[in-house]
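K.L.:
After the structure tokens below, expect a handful of questions from me.
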Amino acid sequence: MKFAIIFHETPEAFARRTGPDAAAYWSAWNGYFGALGPRTTSGACLQGPETGAVVRVTAEGREVQDGPYADSKERLGGFAIIEANSLEDAMEWAGRCPAASAGAVEVRPVLPMQAEG
């Protein structure tokens, strides 16, 4: 089964990506993804929420909001799609994630796309 491992980090942890602790920050992530090995099928780290936008379409047309979707204590830092035998197995890998100790890690089963008949 495929699971999304979604990383939420505190602003302080997110800032470590480019600060004086950047080498230690990325070393922890490299170790995590190295341990996941071939279980990882895809994924990416994301730039800060201030670099994005939220788009909504209403009856009046397209509305664009700069920045993150909602203010929260954590920032969406990235995601990985992994192969795991069960939800319990995926949660085990989520618990090993560097973001688990400096934010939160969400685990969701990936919904297979249905081909149109």
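K.L.:
May I ask you to list the residues in segment 18-48 that are assigned to a helix (DSSP H, G or I) and either over 18 Å from A99 (Cβ atoms) or in contact with a Phe, Trp or Tyr (Cβ under 8 Å, 6 or more places away or on another chain) (or both)?
P.N.:
Hits for segment 18-48 are L36, G37, P38, R39.
K.L.:
Ok, one more. Just give me the residues in segment 14-53 being touching an Asp or Glu at 6+ places or on another chain (Cβ under 9 Å) and within 30 Å of M1 (Cα to Cα), in sequence order.
P.N.:
F14, P38, R39, T40, T41
K.L.:
Between residues in segment 1-16 that are free of Cβ contacts under 8 Å to residues at least 12 places away in the same chain and residues that are assigned to a helix (DSSP H, G or I), which pairs lie under 8 Å by C-beta distance while being six or more apart or on different chains?
P.N.:
If the second residue must be assigned to a helix (DSSP H, G or I), the pairs left are R16/A22; R16/A24; R16/Y25.
K.L.:
Please go through (1) within 17 Å of the chain's Cα centre (by Cα); (2) among the basic types (K, R); (3) at pLDDT 90 or above for R75 and return the number of the only condition it doesn't satisfy.
P.N.:
Result: R75 passes all but (3).
The values are calculated or read from the model by the stated rules, or taken from the named source; none is laboratory data. Everything quoted here is computed from the prediction, not taken from an experiment. We place every Cβ from the backbone using ideal geometry, glycine too, and count neighbours over all the protein chains shown.
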